[in-house]
Amino acid sequence: MPEETKSPLPGSAGEPEGPAGKPQAGGAQSAAAAKSAETTSEKPPAVAKPAGPVAVPWTSPLVANLKTRYGSGVSEASTYLGQNCLVLDSSITHEILRILAEEQEFDYCVDITAVHYPKREKPFDLVWILYSFPRNQRLRVKTMLREQESFPSSASIWPGANWLEREVYDMFGLRFEGHPDLRRILLPEDWRGHPLRKDYGIIEQDEQWVQANLGIESGQ
Amino acid sequence: MTPVATPFFFYFLAALTLLSAILVITQKNAVHSALALILGLLAQAGLYLMLYAPFVAGVQIILYAGGIMVLFLFVIMLVNLERSQKEEQFNRQWLVGSLAATALGGLLVAVFIKGKALFPTSSTQIAEASNTQQVGELLYGQYMFPFEIASLLLLVAIIGAVVMAKKRI
Amino acid sequence: MPDSTPHPSPLELGTPDKTFLDSNELILNMGPQHPATHGVLRVILKLDGEKVLGVECVIGYLHRGVEKIGENRTYTMFNPYVDRMDYVAAVSNGLGYCETVEKLLQVEAPRRANYIRVILTELNRLASHMLWLGTHALDIGAMTPLFYTFRDREEILKIFEKYCGARLTTHAFRIGGCQYETYDGFERDVKTFVDCVPPKIDEYEALLTSNRIWVERTKNVGKISAADCKALGVTGPVLRASGVKWDIRKALPYAAYSDFDFEIPVGANGDTYDRYLVRMQEMRQSLRIIRQAVEGLPEGPIMAKVPKVMKPPAGEVYHSIEAPKGELGYFIVSDGSTQPYRVRVRPPSFVNLQALDLMVRGQLVADVIAVIGTLDIVLGEVDR
Amino acid sequence: MLDYVTSYLSSNTTPGQAGNVVWALIYILIVFAGVSIAVMAMNWLERKALAHFQIRLGPMRVGPHGLLQPIADAIKLLTKEDIIPENADRLVFWIAPLIILCASFAVYVVIPFGPTHAITDLNIGILFMLGVSSLSVLGVVMAGWASNSHYPLIGSLRSSAQMISYEVAMGMAVVSAILMTSLNRSGTGTLSMIGIVEAQQQQQIWYLFKFFPLGFIAFAIFAIAMVAETNRAPFDLPEAESELTAGFHTEYSGLRWSLFMLGEYAAMIAVSSIAVTLWLGGWLRPFPNALTGATWDLAFSLLPGFTFLVLAVVAWVGVIRMPKHSYFRMQTLGLAGFAVLLGLIGLVLFAPPVRDRIQDIFWFTAKVAFFMYMYIWYRATFPRYRFDQLMRVGWKVLLPVSLGVLIGTAVVGMVL
C-alpha cells in the first residue's frame, strides 16, 4: 500500500494512515495499521508506551510470489507505520534484489545503508531502500550479515549503488564483492577503523593518521 | 629631415643581432633560445627601418616576432625540455661544426674581397612615403607569379602539417 | 553505466612524461581550493588537451560524522545538527528530520504548523535556487546575476531572521510542530515578497534565458538521460530536467503539500540549459505554493502534544522530502531509548554528484565547471 | 635652443615629423602620463559602473565616492611583498610583464589625438600599431611558462591561441578600412594614422558608414576581435576565474601584477583608439563638413568646456547630497574641491587659444570613452565563451566574413 498518503484535510489530522490507498495494496492490514495508529494518536503518548505500534504482516502478490519461489528465505514481510519491509536471508538477497529491480519495477535504489547490532550473532543489518516509479511505492529490504561476511555488490543492478556501498564500506567495514571500485569515500584511504560501528566511540579517531598527516597531536 | 646618429644605431643593432644569434645556439633552455631569436628578429626589423624599408620592418615584427615565434614558443613549451637540458651541448659535432663555419666564413671573406664589383655602391633610394606602395606594386605586378607560387607552397605545407599532426580526421 | 576508471592514487598518477605529439593524457587537479568547486570538492580531471576523459571526485574534506553525532544525542538535541548539512537549505533539512521523528512517534503536526512549515520550506527552496543561480552564472562568467539573486535572497533571510532569529542555520521547526508562532506582520511580509519576486525572476531570465552565449554554454552540456538518472538515483531538478515528472511533494505528499495546487516543471533534453529552465520554473511554482499557503493560513495550535522526553517505540522508519537538491531522506532506527539507535541521512547532493563523471565525459574543461554548478551540490551535505 | 623649442609651435606637423626632439619628448611625457591617468580613471570608472550595474555601490571609502581608490590600490600593490615562485624561471618571469607593458604603451607613439597631436606620424602607422600590439602575446606566453604551474600554462596557451586567431580577422577588417582610403579622389591610399583620418575628412564620411553595410560589418568585426585581443569579457578565457583561477598571471603579485593590469588597460585604450581612427573619424567632430560656419565652429569648440562644467555640477550635486555629519566633513570637502577643479578646467577650456587646440583631443577621447564604456557593459552582461566556441567564432565566422568584406570593399571601390 502506498505509504505516507497522509490526508491533510481538517478533521482527519489525527490519522496518519489515509483512506485506503491503491487497489493493488492489501487493504486488510492497512485498516489494522490505521487502527493502531488511531489509538496511539488519540491519546498522545505522554509516556512512551511499551506496546507502541506493532508491525503487521505484509501480504501482497509480490510477497506471495517471492515466498513461493524462495520459501523460508523470505523470513519476514511486514508493514510498520505503513512502510513495507522485507527481511531476507543473505544468500538469496542479491537474487531477489535483481528480481525486484528487473521484474517488479523497483528501478530506483534510494539508499543503501547498514545498522550495527554488536550483540547479535549476525551483527549487521544491511538495508536497501528501493522505490518504484511506476508503482509509486517504497520498499525496504533487509538482510543480516556476519562480521567479515562479504556481500555481492548491487552496483551491477543500480549503478548508483557504487558510492552508497563505498560509504557503507567506509563506515561499517562491510565488503562488497564485485564492486567496481571499493575504496573509502569520506575518510582518508589509510584511516583505520569504521566510525559508525557501535564499538567506535564518538570522540575516537585514528590518532596515528592525524599525527602523521595533519602534524597535530589530536583532532579533538 | 636628417637621420640622427645613424652609425651608432647601425652598429648597435648589428651587435644586438649577432649577440642574440649567438645566444640562440648557446642557450641550453630552448625557451631562452627562442626568446633570444625574437630579440634578434626585432633588431633586424630595426635594421630594415634604417634601410628606409618601414613596411618590411613592420611585417617582420607582425609575422615573425608576433606570430611565428609565438607558435614556436607554443610548441617548445609543450615539449618536455628536461631531457634536452641534461644533454651535453655540441655533442661530438664540434669538429663538423667548426669545419662548416670556417668554410662559410672563408666564402664570405672571398666574396667580400673579390666580388666588390658585383654590388652597386649605393642603391637608388626609394622615397620613404611611397615605400609601401612600391612593395605592393612589385609584388602584385612584376612578381605576381612567384608570389602566388609561394602562397601555394605554403598551402601545401599547411595541409601536410594538418595531416601529419591529426591522427584521426 | 559510469564505470569508474581503475584508480591510481593521485600520487601515482604522476605527470605525463610523453612528449607533446604522442601524449594523450594530462592530469589536472581541481580543488579542493578552487573558485568554482563550491566548497572543498576536489576533482581530478584526466584530460586529452581540453577534452575530459574522466573525472574522479575526492570528497570527505568536510566530513563531520553527522550520523555518528545523531546516535549520541537525544532526538531533540540532534535537531539543530541537521541544519548544518545542506546549510543553503537548512529549513528543508529540519523539516525532513522532524517529520521522520514525528512518524516514529506517531505524532501529527497541527495544520497551522504544517502550513508554516510549507511557507518556510518553499521560501528556503527559493533561497537555495537563487544562490544556485547566482553561483552557477558566475561560474559560466556572468557576474551580474549573482548580485541580483543575493539581493532577493536577502529578503528571504530577513523573513527567517524575523521568524526565528537565525538567517542560515535556522532550526525553525521542532518535533511536533513549530516552536514559534508567526510574528506580527509575517503574512504581510511574505505576501509582499511573493508579489515582488516574479518581476525579479523575469529580470534574471532577461539576462540569461535567451542570451546567446549562455545558451551556447549550457545547451547540450552535461546531458543525462532519464534512464541514467534513475539508474544512478539522481533526483530533484536534475531528474525532472531529463523529462521525469516526479516530485515527492506530489508523489508522496508530506506536510500540507496536498492542499496546494502547483505544477511539476519538466525539461526535455536533460542538459544544463533544461536544468536551468526547470529551476527557474520551480521558483515560480514555489511562489505559487507560498501564496496559497499564506492566504489559507489556518488558525490553531502550532505544536502537537509531544512528550518532554521522547522515547519513540522500537522500530525503524524511512521518510523523505523533496529538498531543493532532490530527495532528502532520513532512515531512523529506534531502540526505544531517548537516543536514536541509528540515523541515516540520504543526501541528494552526494548521490547526484555521482553522476558528474557520466555527465562530463567527452566534454571540455569549461563544461566541468558548468556541470558542477548545475548539479547544485553543497559540500556540507555531500560530506556530512 | 629656445628658438628650437618655440619654432615647433608655428609648424603644422607632429613633433616626430618636424624632427623636434624636445617637443617629441614633451609629447611622450604628456601622452604617457595621460594614459596612466586614463588607466587609473578607467579603473575607478569600471569598478563604479560595474557596481551600479550590479546594484552595489562600489568603492565608497577611500575619498569621496572612492575617487582615491586607484591611488590607494597603487600604494598597496607597490608595497606588497614581491613573490617569485621557487621553481619559476626568474629571468623570463621578470621580463614578461615588462614586455606587455612596453608593447601596450609603445603603440601610443602613433595614435593621433589631433592633426598635430601625435608623437609622430609613421607612414606605416597602422602596421606599426598592429605589430607592436601583437608583441604583447609574447609577454603572456612567457608569463605563463615562467610561472611553472599548470593554470598559468593553460591560461597562456589559451591566450596565445586566442590572440593569434583573432588577429587575423582583425587584420582583414583593418585592411578593408585602409582600402577605403585609396578610393578617394587622389587615388593613393595610406597606412598613416593621420592620413586615414584626413582621408575620411576628405571623403566626407566616417568609414563606419562608407559602402554601407560593408564598413559597418568591418567595424563590427574589429569591435569583436579587439575585445578578444585584450582578453576581456566575454572572451576572458585566459583569465577565466572560475576555471583557471587567474590564468597566466596566477602566480604574479604586487608590482608585477599591477604591470599586467596597467598593460591590459593601456591595450584596451589603444585598440579602441585604432577603432576610432579607422571607422569613427578619429579626432573629427561630428559633421565637420555639413555644419560649418563660424557659429557651428564656436558651438562645437565650446562643448569640451561645457562638458567639464556639467561634470562639475554633477559633482556639486554630490556635495549637496553628502550626509551632513562631521564624520563626512573631509569627504565633502574633498568632493567640493574636485567639483571646483572640474569647473576650473571647464573654464580654462573656454579660453580661445586652449579650446582651439583641445577640441580635437576632446572628440577623440569622447569616442574612445564610448568604447571603454562598452567594455564595462560587456563585462556586466555576458557570460564567458567556451574555448572551442571562441575558436569557432574566430575562424568560422569572423574570418570568412572579414574576407568577404575585404573583397566586397575592393569590388565596390573599383566599380564606383
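No value in this document is a laboratory result; all are computed from the given coordinates. Keep in mind that this is a model prediction, so the values were computed, not measured. Note that we place each Cβ from the backbone using ideal geometry, even for glycine, and neighbour counts take in every protein chain shown.
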Estimate the FRET efficiency between B:Leu19 and D:Leu341 by the formula 1/(1 + (r/R0)^6), using the beta-carbon distance for r and 41 Å for R0, to the nearest 0.05. 0.20
3J(HN,Hα) from dihedral phi, the stretch C:262-272, Karplus parametrisation 6.51/-1.76/1.60, rounded to Hz, x for glycine, proline: 7, 9, 9, x, 10, x, 10, 9, x, 9, 4
Using a 7 Å offset from the Cα along the Cα-to-Cβ direction at both A:Ala212 and D:Ala294, what is the distance between the two label points in nm, to one decimal? 9.6 nm
D:Arg56 and D:Met374 label points (each 7 Å along its Cα→Cβ direction) are spaced in nm at 2.6 nm
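Based on the mean of other Cβ atoms within 10 Å per residue, sort peptides D:78-89, D:37-48 so the most packed one is first.
On the way: D:78-89: 12.8, D:37-48: 18.2.
The packing order, highest mean first, is D:37-48, D:78-89.
Between C:Ser258 and C:Lys158, what FRET efficiency comes out of the Förster formula 1/(1 + (r/R0)^6) with R0 = 35 Å and r the beta carbon distance, rounded to 0.05?
Numbers: r = 30 Å, r/R0 = 0.85.
My answer for the efficiency is 0.75.
Using R₀ = 25 Å, calculate the FRET efficiency as 1/(1 + (r/R₀)^6) where r is the Cβ-Cβ separation of A:Thr68 and C:Ala314; round to 0.05. Please list the in-between numbers first.
Numbers: r = 31 Å, r/R0 = 1.24.
With R0 = 25 Å, the Cβ-Cβ based efficiency is 0.20.
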Given chain D, what count of lysine pairs have C-alpha atoms under 26 Å apart, with each pair 8 or more places apart or on different chains? 6
Does the stretch D:252-408 come out rounded, prolate or oblate by the C-alpha gyration tensor, with a ≥ b ≥ c the root eigenvalues, rounded set by a/c under 1.5 and, if not, prolate when a/b is larger than b/c and oblate if not? oblate
Fraction of alpha-carbon pairs over 39 Å apart in chain C - percent: 18 percent
At 1.306 mPa s and 10 °C, Stokes D of the stretch B:129-169 from Kirkwood alpha-carbon radius, µm² per second: 130 µm²/s
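Strictly over 23 Å apart at the Cα level, which of A:Lys122/C:Lys103; C:Lys245/C:Lys325; A:Lys119/A:Lys142 would you flag in this model?
Numbers: A:Lys122/C:Lys103 28 Å; C:Lys245/C:Lys325 15 Å; A:Lys119/A:Lys142 18 Å.
Beyond 23 Å between Cα atoms: A:Lys122/C:Lys103.
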Debye intensity ratio I(q)/I(0), log10, the stretch C:70-138, q values 0.18, 0.23 Å⁻¹ (C-alpha model): -0.75, -1.03
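Using a cut-off of 12 Å between beta-carbons, work out the net charge of the residues near C:Pro80 (Lys and Arg +1, Asp and Glu -1, C:Pro80 not included). Before the final figure, lay out each step's value.
Numbers: positive: C:Arg73, C:Arg84, C:Arg174; negative: C:Asp83.
Summing Lys and Arg as +1 and Asp and Glu as -1 gives +2.
Summing -39500 (n - 2.57) over the DSSP H runs of n ≥ 4 in chain C and dividing by its residue number, what mean residue ellipticity at 222 nm do you reach, to the nearest 500 deg cm²/dmol? Don't skip to the end; give the middle numbers.
Values: 16 runs with 182 residues, N = 384.
Dividing the helical sum by the residues of chain C leaves -14500 deg cm²/dmol.
Projected area of the protein assembly as shown, taken from the Cα convex hull and averaged over every viewing direction, in nm²?
On the way: hull surface 234.2 nm².
The Cα convex hull of the protein assembly as shown, projected and averaged over all directions, gives 58.5 nm².
If one computes P(r) from the Cα atoms of chain D, what percent of pairs lie at distances over 37 Å? Don't jump to the answer; show the numbers that get you there.
Values: 24174 of 86320 pairs.
In whole percent, the long-distance tail amounts to 28.
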With each pseudo-label sitting 7 Å past Cα toward Cβ, what's the A:Asp89-B:Leu155 distance in nm, one decimal? 8.0 nm
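With N denoting the number of residues in the stretch B:1-84, provide Rg(C-alpha) divided by 2.2 N^0.38 Å, to two decimal places. Walk me through the numbers before you get to the answer.
On the way: Rg = 14.8 Å, N = 84, 2.2 N^0.38 = 11.8 Å.
Expressed relative to 2.2 N^0.38 Å, the Cα Rg reads 1.25.
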